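Here's the structure, in structure tokens; my notes come after.
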Amino acid sequence: MTEVLSVKGLSFHYPDSEPLFEDISFSLQAGEALGIIGPSGCGKSTLALALCGIIPHRIEGRIEGDVFILGEDIRKLTLPQIATRVGIVFQDPETQLFLPQIIYELAFGPENLCLPREKITRVVNETAALTGLESLLAQHPYEISGGQQQLVALSAVLCLDPSLLILDEVASQLDQESSARILSIVQQLKHKGKTVVMIDHNLKRLQLADRILVMGFGLKHHLGNMNDILDHKELLEEYFGNTPAERVL
């Protein structure tokens, strides 16, 4: 199988601050998914930024260790090169939507890659079919529901056909139906060989993950499969403290 993502001894801290996370290592093959869970402020989103190259290309700080995408050192790739390999969707979709029609949002990435018009049309239509946006392509992104906006942000990323997809708490503000729709799409993407990193604060939404990385404060972290995590209730209590159990489990 193809190794899509390899993380070796990754550590990071912002300027004039203590390390946020330290010595994180894992690898993901094509079609595998990693779930990342942990309390707010433990570094989950910062790790996501390091996996997609925004750290160190755009955000300053001291980073140690290595991140390889399809065997290439992410520090030696430009952000446009990374964007064709790694796609990230954030918690707030409005930060990624800026064009007057959904169809333009989906076509924006492929157009900037100078793909042929016929291929752009095919990619947009196929992606809209996957995410259920066919009837909304003429809509303004700010005139639809939050769940639909998240689908647009996801679709825009998928139109670039990245090998690695990073979802940073994309379902945390969605209703149950919209969340289930996102997870169904992720399952289909896995079956198609996409590699996925899913960040969430609720383990129920990480059931598609092959492994779970539990991040905590004080540079603590633990990597294991779902059964391993669930069998260590003391681990969850240590990392999440007084967080209500239903939010974690």
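With the helix formula -39500 (n - 2.57) applied to DSSP H stretches of n ≥ 4, the chain reaches a computed 222 nm mean residue ellipticity of -10000 deg cm²/dmol.
If a paramagnetic tag sat 7 Å from the Cα of Asp228 along the Cα-Cβ line, which residues of the range 18-37 would have the backbone N under 19 Å from that point? Once the point is set 7 Å along Cα→Cβ of Asp228, 22-37 turn out to lie under 19 Å by backbone N, inside the range 18-37. Please identify the GluC sites (Glu not before Pro) of the range 42-150 that satisfy two criteria: DSSP loop assignment and at most 10 other Cβ atoms within 10 Å. Which are they? Passing both the DSSP loop test and the Cβ count: Glu60. What the Cβ-Cβ distance of Tyr142 and Asn112 gives, at R0 = 30 Å and to the nearest 0.05, is a FRET efficiency of 0.85.
The lysines within cross-link reach of Lys233, meaning a Cα-to-Cα straight distance under 17 Å and a gap of 8 or more places when in the same chain, are Lys204, Lys220.
Could you run the Karplus curve 6.51 cos²θ - 1.76 cosθ + 1.60 with θ = phi - 60° over the range 91-100 and give me ³J(HN,Hα) per residue in whole Hz, x for Gly and Pro? So the J values, rounded to whole Hz, are 4, 9, x, 5, 6, 10, 10, 8, 10, x. On the beta carbon distance between Asn125 and Gln176, with R0 = 30 Å, the FRET formula returns roughly 0.60. Reducing the range 1-31 and the range 90-122 to their Cα centroids gives an inter-centroid distance of 29 Å. For the chain, the longest principal axis of the Cα atoms and the long axis of helix 102-112 meet at an angle of about 80 degrees.
Rounded to the nearest whole Hz, the Karplus-based 3J(HN,Hα) values (6.51 cos²θ - 1.76 cosθ + 1.60, θ = phi - 60°) of the range 176-187 follow the sequence 4, 5, 5, 4, 5, 5, 4, 5, 5, 5, 4, 4, with x at glycine and proline.
Using the Cβ of His191 as centre and a radius below 14 Å, the other residues enclosed give a net charge of +1, where K and R count +1 and D and E count -1. Distant-in-sequence amide contacts of Gln173, defined by a placed amide H-H separation under 5 Å and a gap of 5 or more residues or a different chain, comprise nothing. Exposed loop positions in the chain were taken to be chymotrypsin sites (Phe, Trp or Tyr not before Pro) whose DSSP state is not H, G, I, E or B and which have at most 16 other beta-carbon atoms within 10 angstrom. Between these positions, the longest stretch is 99-216.
Computed over protein heavy atoms with a 1.4 Å probe, the accessible surface of the chain works out to 47 Å² per residue.
Solvent-accessible area assigned to carbon and sulfur over the chain amounts to 49 percent, based on a 1.4 Å probe.
The values are calculated or read from the model by the stated rules, or taken from the named source; none is laboratory data. These figures come from a predicted structure and were not determined experimentally. Glycine gets a Cβ as well: all are built from the backbone with ideal geometry, and neighbour counts include every protein chain shown. When the accessible area is computed, the model is the full protein with side chains, heavy atoms only, and any ligands, DNA or RNA have been set aside. Shrake-Rupley method; radii C 1.70, N 1.55, O 1.52, S 1.80 Å.
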